[in-house]
Amino acid sequence: MKRVLLLGGTAEARELALALTCARVDVVSSLAGRVSKPRMPVGEVTVGGFGGVEGLVAAIRDDGFTHLVDATHPFAVRMTANAGAAAAVAGVPCLRLARPGWSRHPDAGSWHWVDTYDEARERAEELGTTRPFITTGRQTLDHYGGWTDRDVVLRVVEPLDEVAPARWIVILDRGPFDVAGERAIMREHGVDVLITKDSGGAYTAAKLTAAAGLAVPVVVVRRPYVPAGVAEVDSVEGVLNWLGLPATS
């Protein structure tokens, strides 16, 4: 009998949890607990980390999981590495579910692609930004800490741990967003560069369309590489196939 530990927190993880529940597969979703009011999947849910690879191995063995699916955010590098390592030690198969990125977006060829957040800041400075719109997440803010002289627009899901610089405008919101709303933000604040990361998916893609319509340059941080030995699919159907289950109708 299959028993799946699903590392979640994404829309794809919630979709997968629903599909597995409908297929009568025993699934437990695990959320990191970094968001105070997360969108909850169906079925059994645990909240909080495992304490690294050893803790994850113990959870797999103690709770009798037969499969591990990592459906965390595409930029959750440490969790993905821990999942692969823990599955190898515990002797269970592991699969990474990551939504397709935006590299095939119609405007992707015009964006400024970089590998790190520091490079994103540097590229934005090269573009002459004075009013950047930062959407790379709360945990990346150290890379922009020197921008106290700029009218930064920052959007995050959770409140900041520290007070933002006086000239910064902090928007607390989470997707899905629409083009009209994103366009309104950029116009209201005179945004001259959009800084984002290749999260993929539809929830936050509207800002890319809005930026194109307003001729706002876009700087995109590329996705990190998947650790060696970790298999990856980009759809719930791919996970179901891996588990030997029929695709959802």
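The values are calculated or read from the model by the stated rules, or taken from the named source; none is laboratory data. None of the values given here were measured: they were computed from a predicted structure. Note that each Cβ is placed from the backbone with ideal geometry, even for glycine, and that neighbours are counted across all protein chains shown. Protein only, heavy atoms only, side chains kept; ligands, DNA and RNA dropped before computing areas. Shrake-Rupley method; radii C 1.70, N 1.55, O 1.52, S 1.80 Å.
Values for this structure:
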read-out: Dmax and Rg, reported as Rg then Dmax, of the chain (C-alpha, Å); value: 19.4, 59
read-out: Selected from VAL193, ALA231, THR140, residue furthest toward positive end of dipole (the chain; charges at beta carbon); value: ALA231
read-out: Contact order relative to length of region 42-181, as percent, for alpha carbon pairs under 8 angstrom and 6 or more apart; value: 14 percent
read-out: Only Lys, Arg (+1) and Asp, Glu (-1) charged, at Cβ; the chain dipole about Cα centre in debye; value: 440 debye
read-out: Shape call, region 101-204: gyration tensor on alpha carbons, a/c limit 1.5; value: rounded
read-out: Accessible carbon and sulfur surface of region 1-116 relative to its total accessible area, %, 1.4 Å; value: 52 percent
read-out: Residue with peak Gaussian network fluctuation, the chain [Cα springs, cutoff 10 Å], from ILE185, ILE195, ILE134; value: ILE185
read-out: Cα-centre dipole for region 18-128 with unit charges at Cβ (Lys and Arg positive, Asp and Glu negative), debye to 20; value: 400 debye
read-out: Length-normalised contact order for region 106-249 - Cα pairs under 8 Å, 6+ apart - percent; value: 27 percent
read-out: Using alpha-carbon coordinates, inclination of helix 117-126 to the longest axis of the chain, degrees; value: 20 degrees
read-out: Dipole moment magnitude, nearest 20 debye, region 118-249 about Cα centre, only Lys, Arg, Asp, Glu C-beta charged; value: 260 debye
read-out: Cα Rg, Dmax (largest Cα-Cα span) when computed across region 13-66, Å; value: 12.0, 31
read-out: Calculated over region 54-148: convex hull of Cα atoms, volume per residue (Å³); value: 130 Å³
read-out: Accessible area per residue, Å², region 1-99 with all protein chains present, probe 1.4 Å; value: 46 Å²
read-out: In degrees, nearest ten, helix 77-90 long axis to first principal axis of the chain (Cα); value: 10 degrees
read-out: For the chain, built as a Gaussian network whose Cα springs stay under 10 Å, the top-fluctuating residue of ALA13, ALA166, ALA212; value: ALA166
read-out: Carbon/sulfur fraction of accessible area - region 157-249, other protein chains in place, 1.4 Å, %; value: 54 percent
read-out: Cross-link reach list, lysines versus LYS207, counting only Cα pairs under 30 Å and skipping chain neighbours closer than eight places; value: LYS37, LYS197
read-out: FRET efficiency for ASP107 and GLU237, using Cβ-Cβ distance with R0 set to 30 Å, rounded to 0.05; value: 0.65
read-out: Mean separation of Cα contacts under 8 Å (6+ apart) over length of the chain, as relative contact order %; value: 20 percent
read-out: Cα pair count fraction exceeding 16 Å, expressed as % - region 1-90; value: 48 percent
read-out: With Cα atoms, 0 to 90° folded angle of helix 179-188 axis to the chain main axis; value: 40 degrees
